[in-house]
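The values are calculated or read from the model by the stated rules, or taken from the named source; none is laboratory data. Not measured: the values here are computed from a predicted model. With ideal geometry, Cβ positions are generated from the backbone for all residues, glycine too; neighbour counts draw on all protein chains shown. Heavy atoms of the whole protein, side chains included, go into the accessibility calculation; ligands, DNA and RNA do not. Shrake-Rupley method; radii C 1.70, N 1.55, O 1.52, S 1.80 Å.
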Amino acid sequence: MSALLNTVLPVALIVVLGYVIGRRFELDGPTLSRIILHLLVPALIFDAMYNARLGSGSVVGLTLGFALAYAALALLSWLIARATRLPGPTAKTLVTTALSPNSGNMGLSMALFALGQEGLERAVVYFIASSVLMFGVIPAFLRGGNPVQSLAFTLKLPMFWALAGGLAFKALGVEFPFNLEAGIHLVGQACIPLMLLTLGIQIAKNPVQVGGFELLASSLRLLAAPALAVGAGHLLGLERLDIQVLALQSAMPIAVNAFMVVAEFGGDAPRAARSVVLSSVLAFLTIPLVLLAVGVG
């Protein structure tokens, strides 16, 4: 129990501080999101990959585990949407929210606190895979566009170039002059607390509303996703730490980006927004259960 509290409470504290700030001040959310997405996240990814001691087996295993688990989750959520006769846009929104973990704001933080630096390095791999799904596949699913356009959009994101650059610099043994690596590291370290503060601000701006759709979307994201991830990890014979990272990242609440892509490319944006907030609140109850189930704590 002490290990669980040491993992969950520091994250909860920063989110609560963001909530307090969000209630007291009018903040420019889109600007904060752009700073995080285009500067802090790439710096964190580059730094993690440049200093990683991660074997290729873990990268491949985590990617395959993610793909297998999320293929099953997509099928499950779509079948539920059909069985409950949700209208087309609402059905697509259910699938989108189920497939959109907050593996950045919350997932990287939780992985670091729960599983240390090795867990964080693996969590970055998961984050990249989920970003490809979020920004490459889901927009095409929502708008019915062609995959080539979605792939072109994905390749414009700085996080992928940061990943490639970090791995390339590490493979080539490139050393930075004038201790510039320390500057990149400091920028990357600012990423996690600012992402958590932004999550708290988001909760402050959107009151929690509970309905059937929101509960269903939250259950798929918080309960079904980690269960499928654990199953995929065991099926592939992954290492214990890889399975723990798969489960923990898959247990994250619905990402704010899910609302953004639904609003931009089509779907039920109000339901998506309410589901983001509800799942973010419920996650502080379900994540400890997932940590216990995978042997953390």
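List the relative contact order of the chain as a percent without decimals, with contacts defined as Cα pairs under 8 Å and 6+ residues apart.
Details: 434 pairs, mean separation 102.2, N = 297.
Answer for the chain is 34 percent.
For segment 189-297, compute the orientation-averaged projected area of the C-alpha convex hull (one quarter of its surface), in nm².
On the way: hull surface 32.3 nm².
The number I arrive at for segment 189-297 is 8.1 nm².
Using alpha-carbon positions, what is the distance between the centroids of segment 240-254 and segment 79-140, in Å?
The two parts, judged by their Cα centres, are 11 Å apart.
For segment 155-177, list residues with backbone N below 18 Å from a point placed 7 Å from the Cα of residue 33 toward its Cβ?
156-159
Enter the accessible area per residue of the chain (Å², integer; probe 1.4 Å; all protein chains in place).
On the way: 13310 Å² over 297 residues.
About 45 Å² of surface per residue is accessible.
Helix 269-293 sits at what angle to the longest principal axis of the chain, using alpha carbons and giving 0 to 90 degrees rounded to 10?
Approximately 60 degrees, to the nearest 10.
Round to a whole number: what % of the accessible area of the chain belongs to carbon and sulfur, probe 1.4 Å?
Values: 9130 of 13310 Å².
Here carbon and sulfur together make up 69 percent of the probe-accessible area.
Take residue 293 and residue 90, extend 7 Å from each Cα along the Cα→Cβ direction, and tell me the distance between the two endpoints in nm.
2.7 nm
Might you report the magnitude of the Cβ-based charge dipole of segment 150-297 about its Cα centre, with Lys and Arg at +1 and Asp and Glu at -1, to the nearest 20 debye? Please list the in-between numbers first.
Numbers: 7 positive and 7 negative charges, 51 e Å.
Computed charge dipole of segment 150-297: roughly 240 debye.
Could you work out, for the chain, what percent of all Cα-Cα pairs fall into each 10 Å distance bin, beginning at 0 Å and stopping at the bin that holds the largest distance?
Histogram of Cα-Cα distances, whole percents per bin: 6, 29, 38, 22, 4, 0, 0.
Charges only on Cβ, +1 for Lys and Arg, -1 for Asp and Glu: so what's the dipole of the chain about the Cα centre, in debye to the nearest 20? Can you show the working numbers first?
Numbers: 16 positive and 12 negative charges, 147 e Å.
The calculation lands at about 700 debye.
Any idea what angle helix 158-172 forms with the longest principal axis of the chain, computed on alpha-carbon atoms, 0 to 90 degrees, nearest 10?
On a 0 to 90 degree scale, this one is about 30.
Starting from 0.36 nm per residue, how many nanometres of slack lie between residue 148 and residue 16 once their C-alpha separation is accounted for? Intermediate results must be reported in sequence, preceding the final value.
Numbers: separation 132, 0.36 × 132 = 47.52 nm, distance 4.07 nm.
Full-extension gain reported as 43.4 nm.
Highest first, please rank the peptides 249-261, 168-180, 88-100 by the mean number of other Cβ atoms sitting within 10 Å of their residues. Write down the numbers at each step before the final one.
On the way: 249-261: 26.9, 168-180: 9.8, 88-100: 22.9.
By packing density, highest mean first, the sequence is 249-261, 88-100, 168-180.
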